[in-house]
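Values quoted throughout were computed directly from the atomic coordinates according to the rules given, and no laboratory measurement underlies them. These numbers were taken from a predicted model, which means no experiment stands behind them. Note: ideal-geometry Cβ built from the backbone for every residue, glycine included; neighbour counts use all protein chains shown.
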Amino acid sequence: MALYLVETIPSVHDEIEDVPLQAPTDLAGLADHSVNAAHGARWVMTLSPDLHDDRQFSLWEAPDADEIRQVMERFGFLHEGTVNIVAVRQWGPDDVLETEKSKARDW
């Protein structure tokens, strides 16, 4: 499974009349699906920047971005705003140091 970073940017409406009537999101249903998913897209976690930034960034495991969109649609999360889905790779200091050690051994 690949890792994906999903940025959700909420829609901004000037007046309450601008907001289309939608079924509520099912966060508990998404959580249950993700904990019990044996295949397909699985929500891993979400990060919120701060009180002045309404965006959310969530990490997903999925075979492809379309599977994430399908799960988000099923639980009502696509009508809340714009969603940007990007495939990512996780790496950090240990990975860099291991690569440097490998280069030194190859010399």
Confirm whether ASP94 is in contact (Cβ under 8 Å) with a residue 60 or more places away in the chain and among the charged types (D, E, K, R). no
GLY81 passes all but one of the listed conditions (1) in contact (Cβ under 8 Å) with a residue 60 or more places away in the chain; (2) under 18 Å from HIS33 (Cβ atoms); the exception is number (2)
